[in-house]
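The values are calculated or read from the model by the stated rules, or taken from the named source; none is laboratory data. Given the structure is predicted, the values throughout are model-derived calculations rather than measurements. Every residue, glycine among them, receives a Cβ derived from its backbone with ideal geometry; neighbour counts consider all protein chains shown.
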Amino acid sequence: MKVSTLDAALQRCLWTRHFKQILSQTILTGLISDPYAASRLINFSSRSALVPFHYSLRIFYHLHNPNAFTWNIIMRAHFELQNNPLQALTLYKLFLAKHAKPDNYTYPILLQCCAARVSEFEGRELHAHVVRFGFHQDAYVRNTLINLYAVCGSMSAARQVFEESPVLDLVSWNTVLAGYVQAGNVEEAERLYRGMPEKNTIASNSMIVLFGRKGCVEKARRIFDEVRVSDMDMVSWSAMVSCYEQNEMCEEALVLFVEMKANGVAVDEVVVVSVVSACSRILNAEMGRLVHGLAVKVGVGDYVSLKNALIHLYSSCGEIVDAQRIFDDGGVLLDLISWNSMISGYLRCGSIEDAEKLFYSMPEKDVVSWSAMISGYAQHECFSEALALFQEMQLHGVRPDETALVSAISACTHLAALDLGKWIHAYISKNKLQVNIILSTTLIDMYVKCGCVENALEVFYAMEKKGVSTWNAIILGLAMNGLVEQSLSMFADMKKTRTLPNEITFMGVLGACRHMGLVDEGRHYFSSMIHEHKIEPNIKHYGCMVDLFGRAGLLKEAEELIESMPMAPDVATWGALLGACRKHHDNEIGERVGRKLIQLQPDHDGFHVLLSNIYASKGNWGNVLEIRGIMSQHGVVKTPGCSMIEANGIVHEFLAGDKTHPQISDIEHMLDVVAAKLKIEGYVPITSEVSLDIDDEEKETALFRHSEKLAVAFGLITIAPPIPIRVMKNLRICNDCHTVVKLTSKAFDREIVVRDRHRFHHFRHGACSCMDFCLHMDEARLGKVDDGSWSQEHAVVLRKQRGEEGARMASWIGSVQEGRDIRVVFLVMDEGLEELEQCDREVFRWWGDFYGGWWWFLVAKVVKVHASLDQDGKRKPKGARLWGQ
């Protein structure tokens, strides 16, 4: 065989055996030693799918002195065909060891290998070799150097090579511009683009892509319009459509796509994916179907990226059957994104079981798969399942991302699983995971809603940057935990940082005022929201103010506010007034509002129960039966009281009267122990909390089987001091349970935290953080003769030292407003009535100064009440009349 016939023989080579025959002929004739012939054989064997790559290597290593062309072929084959840039660079070391001489094609190959490895260090070494061998003036080499530095993020070095080039061609300009685009440097890219001697389509497309990523849509459109229609290519249109889609200008993206088709421009899978994504954003399934049909027609319908976009489109629009069909038709072409998109689609449509089946049938899972499933569980309130899957994720050694962590922490929040929440926080710290505003805010929210304010503040103060959501979380959390002063102080700190409050912020501030009955402060903040911060109150703000007025006994003012609202009141607003009517025994307004609420929302159990309780408090059992009949007629079932407590990493759930717990016998025994101790403390059951026509003994039994009492008893058994007992309840804690838990904290010397539907109650040493303001006591009527209110009175505990709490109570107690009865709440120190005369006289003098002698009148009445006590500490019946005498 001769050299002249080798090329012709290789062109006719169709089978592996043909190549083997040709190779044998070159070996037999000695042609294999010819550099040109060997290079032709290596070039063919390295690029042909017919021949294994090791044939190329054996031929190459057979050569005694391969030339630069042959070296270039084998190095390029390693890089481009074998995807092994490291081996190509290793061959270059052998190249130098054999003293071979490079040419101007050698270094571009090697520099591309460095760019693929993002290895600037190796690239700089090669740059030195380029200069040493004199190729630094070659345009091809210089452009490859510019690309290397740009890919490695060293734009200063890329710009230096660009500036030192004796001749700049379009490739040079486009390469350095592409570097600025990749780096996201809009200013430098724009300056370079405007300085180009001649604009070209590639450069314009790069600028459109950059402006699209940075949200500069107008600039992108300006560049697009500057390009002549005759010079536009498919990439130009695709880049502009993608720019609109990325910046959520979906209608504009669809209009431009239609214009693109009208101009006869061919479409590819890239632009189709952008258009389908735009349809997903605006939930336009009809347009998406048309684009889907077009994609199939032009032959790009089988691209996996398009299938993924279509799955997302159909599932987002609720067309889960179509999404499933696309997924099933994908076959082996599907990737992880396809599986994850389908799982997310099922979860988005609420098909949790289908999502579970698909998740557990996945051939392999990535962190997105786990996160999607955990997030889906949390969004559909399957919090236990979310935490179980998060723990399973840890067992599989998968490092959670932000989505998984936020979802798991949110699940801990709803389940009051504080121990697991703390473990997740410790996991984040131990593994040095990046903590951004969202994750930090979620941690704060978890801690405050689990009653662990100290940890929440620790996270808050450790944050370098705080968003408005962070401030909102801490303000709301402090208020919820009864730390009203700190909550309002935090709002003042927020304003000092010039963080603009929003509607949620003022919900927190007004909520803080509501929790402690700070009517004047509430009015101030409500006015400030409107006039100072220019925030228009919404229905929730008005509802908060109605609740504030109602809790303070200003029922007339609350009703007037409802009537003057610029929008129609919702059931929550009327419900707040109804609750206030029950609290202050205004049965006339309460009955009217209750009837209205039942008509507005006949399926709401809470309103029926409140109205029923109002009738029960009057002994009107006929109307109670009527309300229960209405509930039965509409199929309304009263939501059972449910309390949860975490012990040893397990969340236990109790229902009122529950006897299903495995340790129920121990719990009932502990309840008997608690009852015995509380009787010594002078506890008398508040049987008015039982709205049933049964005798008092049965009422007492029913009271002591409330879910929170069961949970606290379980906590006393399983949680050793000094660990606080933390209970979460789905409904408001009743007056009797509040009193029992308060006395239990003193009798057993335990800290007990109860979170009900409205707030947290921190019980310590027989006192509650809410200062008993939440109780349904009738302060406005607490001095009227013969009304018997004294027997329903609950102590408001004040600390002896002068402080903000005392000052606020002083402004509340005894105030006279609009001719109403003086609000008098009997003040009892921690030591009890027996020790009252020994209390710090400074406190007496302070209150006396505050009210000009009013305190001494109170003390005189206290002495009378003290004298009216029986030997066993119980009040004589006449105690109910003393305030009116």
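One table, with the values for the structure above:
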| quantity | calculated |
| --- | --- |
| Residue check, Ala115 within 48 Å of the chain's Cα centre (by Cα), over 26 Å from Leu31 (Cα atoms) and small (Gly, Ala, Ser) | yes |
| Candidates Asn247, Asn205, filtered to the one that is of a type outside the set (Gly, Ala, Ser), closer than 25 Å to Gln182 by Cα and surrounded by 23 or more Cβ atoms within 10 Å (Cβ to Cβ) | Asn205 |
| Unique residue being under 60 Å from the mean Cα position of the chain (by Cα), more than 29 Å from Asn104 (Cα to Cα) and touching a residue at least 12 places away in the same chain (Cβ under 8 Å) when the list is Trp15, Trp71 | Trp15 |
| When residues of the range 470-504 are limited to those that are among the β-branched types (Val, Ile, Thr) and buried (at least 24 other Cβ atoms within 10 Å of the Cβ), the one nearest to Cys770 (Cα to Cα) | Val484 |
| The range 381-395: number of residues that are under 26 Å from Asp335 (Cβ atoms) and either modelled with pLDDT under 95 or among the small types (Gly, Ala, Ser) (or both) | 3 |
| Glu591 vs. criteria in a helix (DSSP H, G or I) and either within 22 Å of Ile630 (Cβ to Cβ) or within 33 Å of the chain's Cα centre (by Cα) (or both) | yes |
| Any chance Asn83 is of a type in the set (S, T, N, Q) and outside any helix (DSSP H, G or I) | yes |
| Leading residue by the ranking (nearest to Leu347 (Cα to Cα)) among those in the range 364-394 that are of a type in the set (Ser, Thr, Tyr) and over 14 Å from the mean Cα position of the chain (by Cα) | Ser369 |
| Close pairs from the range 543-571: first hydrophobic (A, V, I, L, M, F, W, C), partner in a helix (DSSP H, G or I) and loosely packed, with under 15 Cβ neighbours inside 10 Å, Cβ under 7 Å, at least 6 apart | Val571/Leu600 |
| Test: His64 is under 60 Å from the mean Cα position of the chain (by Cα) and either surrounded by fewer than 20 Cβ atoms within 10 Å (Cβ to Cβ) or not in a helix (DSSP H, G or I) (or both) | no |
| Test: residue in the range 511-524 that is modelled with pLDDT under 95, under 26 Å from the mean Cα position of the chain (by Cα) and farther than 30 Å from Asn620 by Cβ | yes |
| Flag if Val271 is out of contact with any His (no Cβ under 6 Å at 6 or more places or on another chain), touching a residue at least 24 places away in the same chain (Cβ under 8 Å), among the hydrophobic types (A, V, I, L, M, F, W, C) and part of a helix (DSSP H, G or I) | yes |
| Of residues in the range 424-438 being surrounded by 17 or more Cβ atoms within 10 Å (Cβ to Cβ) and either among the basic types (Lys, Arg) or over 13 Å from the mean Cα position of the chain (by Cα) (or both), the one nearest to Val651 (Cα to Cα) | Ile424 |
| Tabulated pairs, the range 730-758, first touching a residue at least 60 places away in the same chain (Cβ under 8 Å) and more than 11 Å from Glu708 (Cα to Cα), second assigned to a helix (DSSP H, G or I) and not hydrophobic (A, V, I, L, M, F, W, C), C-beta under 7 angstrom, 6+ apart or interchain | Ala747/Lys677 |
| Candidates Ser305, Ser361, Ser384 - the one that is small (Gly, Ala, Ser) and touching a residue at least 40 places away in the same chain (Cβ under 8 Å) | Ser384 |
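Here is a yes/no grid of residues against (1) at pLDDT 85 or above; (2) under 30 Å from Val712 (Cα atoms); (3) part of a loop (DSSP other than H, G, I, E, B):
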{"position": "Phe607", "(1), (2), (3)": "no, yes, no"}
{"position": "Met631", "(1), (2), (3)": "no, no, no"}
{"position": "Pro640", "(1), (2), (3)": "no, yes, yes"}
{"position": "Ser643", "(1), (2), (3)": "yes, yes, no"}
{"position": "His652", "(1), (2), (3)": "yes, yes, no"}
{"position": "Asp666", "(1), (2), (3)": "yes, yes, no"}
{"position": "Leu678", "(1), (2), (3)": "yes, yes, no"}
{"position": "Val684", "(1), (2), (3)": "no, yes, yes"}
